[in-house]
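What follows is a single structure, written as structure tokens, with notes after it.
Nothing in this text is a laboratory measurement; each read-out follows from the coordinates by a stated rule. These figures come from a predicted structure and were not determined experimentally. Cβ coordinates were reconstructed from backbone atoms using ideal geometry, including for glycine residues, and neighbour counts include every protein chain displayed.
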Amino acid sequence: MPKKQKRTVANNKKAFHDYFVEQRFEAGIVLTGTEIKSIRKGGVSIKESYAKITSKGELVVTGMHIALYEQGNRYNVDPLRVRTLLMHRKEINKLYGTVKTQQGLTLIPLSVYIDENGRCKVELGLCRGKKNYDKREAQAKRDAERKMDKAIKASRHR
């Protein structure tokens with residue numbers, strides 16, 4: 001029987017535009033009610049979300065929008081509620097130390113996906129903010145690559 005692949009449900013393209021991703025981490029997420037059904041349907045947005053470590057030492061994600069499930073009735077919960085992320089204590093402590101000691105680092109959700117076992121996971125990035133000139137430089141590089149690809153494609157069809 002073929003092995004199941006992970007299925008990406010949501011990507012945070014804005015994070016790659018606004019931040020340099022220095023490290024990536026995988027975390028589980030605590031869901032209640034009908035949230036997993038809504039995620040499987042693709043009703044999740046992580047565009048404006050970020051993660052932080054609370055005073056209790058919990059890793060939480062704020063600003064993640066999971067749409068209400070249509071057939072959920074009373075089992076639906078607030079779409080923008082703060083959700084707990086699941087990581088090993090050592091990893092959370094390491095992240096906490098890194099974020100606190102180095103100025104300008106932020107934890108940003110990069111993608112939400114369903115893994116091979118059917119569990120919902122969040123890919124977190126330890127990110128450093130880009131300056132405006134960095135964003136312009138990245139845009140110019142993408143434009144140059146697009147022009148080269150277009151020229152190569154045009155030369156092949158002649």
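For this structure, a couple of remarks:
- Check on GLY125, touching a Lys or Arg at 6+ places or on another chain (Cβ under 7 Å) and under 30 Å from VAL99 (Cβ atoms): yes
- If you check VAL9, VAL77, VAL99 for being in contact (Cβ under 8 Å) with a residue 40 or more places away in the chain, outside any loop (DSSP other than H, G, I, E, B), touching a helix residue (DSSP H, G or I) at 6+ places or on another chain (Cβ under 9 Å) and among the hydrophobic types (A, V, I, L, M, F, W, C), only one passes: VAL9.
- Residue in the stretch 47-54 that is touching a residue at least 40 places away in the same chain (Cβ under 8 Å), surrounded by 14 or more Cβ atoms within 10 Å (Cβ to Cβ) and either more than 23 Å from LYS6 (Cα to Cα) or in contact with a Lys or Arg (Cβ under 6 Å, 6 or more places away or on another chain) (or both) present: yes
- For the stretch 111-141, filtering for residues that are surrounded by 10 or more Cβ atoms within 10 Å (Cβ to Cβ) and not in a strand (DSSP E or B) leaves 13.
- Matching option when the condition is touching a helix residue (DSSP H, G or I) at 6+ places or on another chain (Cβ under 6 Å) and either within 25 Å of LYS52 (Cα to Cα) or aliphatic (A, V, I, L, M) (or both), among ILE152, ILE108, ILE114: ILE108
- Scanning the stretch 82-104 for residues that are surrounded by 13 or more Cβ atoms within 10 Å (Cβ to Cβ), more than 12 Å from LEU124 (Cβ to Cβ) and not β-branched (Val, Ile, Thr) returns ARG83, ASN93, LYS94, TYR96.
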